[in-house]
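One structure is given below, encoded as structure tokens.
The values are calculated or read from the model by the stated rules, or taken from the named source; none is laboratory data. Model, not experiment: these values are computed from the prediction. Glycine also receives a Cβ, built like all others from the backbone with ideal geometry; neighbour counts cover every protein chain displayed. For the accessible areas, the whole protein counts, side chains as well, though only heavy atoms, and no ligand, DNA or RNA atoms are used. Shrake-Rupley method; radii C 1.70, N 1.55, O 1.52, S 1.80 Å.
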Amino acid sequence: MADRNSPIGVFDSGVGGLTVAREIMRQMPEERIVYFGDTARVPYGNKSGNTVIRFTRQIIRFLLTQDVKAIVIACNTATAYALEAVEGELNIPILGVIHAGARTATQATKNGKIGIIGTEGTIRSGVYTKVMMEMRPDIEVTGKPCPLLVPLVEEGLLHDSVTDEIASRYLSELKGKYIDTLVLGCTHYPLLRSTVGRLMGPEVTLVNPAYETALELKAVLTEADLLCSGPAEGQEQYLFYVSDLAEKFTGFATSILPGAVKETRQINIEEF
């Protein structure tokens, strides 16, 4: 049985999962978090399913050495390809970022036309469409891969004319489909929320799976009686690990999570 005061493990291909960590911190401020960003192998969106599953298993093995009580796959591509493959291998809760966002989108749409932007891997997997159609068969789902947005976010170009131009090109196709709800189907994309919102217009509801996933995690931990019983004493509340470029990660993470990132440690993930 997991210890309720053990940390939550959160991982992503890079910095995008910090949007999920940020929402967990907001919803459950007493919880401890161990975050891993696979910065040596980002992005995942252009990798094969088998490769993403292998990466995911390595990261889970590392997080288990940190005695985590639950794991959040804070990456849509890894959720799409690996969640089903690994969830039966663990005796602690593990959840991804797709289910909660999909449910919110099906509840939010008024005209039944939903768009999803994500990596090529996420869109190619069709998992969002499958999950949403199971929830609401009458909807029409349009997926649009946006492969250049992750590298732009990783480079810190959040408010830049280049990012505006690229995002505008990607989103123009969705605007022609008259969607009224758009899922930010990559955890990097909430960092571009203002840009996407401006380009899509106020009549389109943006769904942020990071926020919805934090709520789902809180419900899962509550049901399993695993909510932290109080603030950690004498322990670092938030630990950050990466597979490469620790200094660069720290700089970026500090802009998203002011005050939360004391240091970032680099590990060799291939050892796991």
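Table for the structure above
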{"item": "Hz values of 3J(HN,Hα) by residue in the range 94-111 - Karplus curve (6.51, -1.76, 1.60), Gly and Pro given as x", "result": "9, 9, x, 10, 8, 4, 5, x, 5, 4, 4, 5, 5, 7, 7, 5, 9, 9"}
{"item": "Percentage of interatomic Cα-Cα distances in the chain larger than 24 Å", "result": "46 percent"}
{"item": "Prolate/oblate/rounded call for the range 1-115, Cα gyration tensor, a/c under 1.5 rounded", "result": "oblate"}
{"item": "Protection-proxy order for peptides 88-99, 142-153, each taking the mean of Cβ atoms within 10 Å per residue, highest first", "result": "142-153, 88-99"}
{"item": "Surface accessible to a 1.4 Å probe, per residue, for the residues of the chain, Å²", "result": "43 Å²"}
{"item": "Percent RCO, i.e. relative contact order, over the chain, from Cα pairs under 8 Å lying at least 6 residues apart", "result": "27 percent"}
{"item": "Eligible lysines near Lys248 by straight Cα distance, threshold 22 Å, same-chain separation 8 or greater", "result": "Lys262"}
{"item": "The chain, accessible surface, carbon-and-sulfur percent (1.4 angstrom probe)", "result": "50 percent"}
{"item": "Rel. contact order, % - alpha carbon contacts under 8 angstrom, at least six apart, the range 98-209", "result": "36 percent"}
{"item": "The range 112-127 versus the range 8-81: alpha-carbon centroid distance in Å", "result": "20 Å"}
{"item": "Size of charge dipole - the range 98-209 - debye, nearest 20, with Cβ of Lys, Arg +1 and Asp, Glu -1, no other charges", "result": "360 debye"}
{"item": "Cross-link reach list, lysines versus Lys113, counting only Cα pairs under 18 Å and skipping chain neighbours closer than eight places", "result": "Lys130, Lys144, Lys175, Lys177"}
{"item": "Mean residue ellipticity (222 nm) of the chain, computed from DSSP H runs ≥ 4 via -39,500 (n - 2.57), nearest 500", "result": "-13000 deg cm²/dmol"}
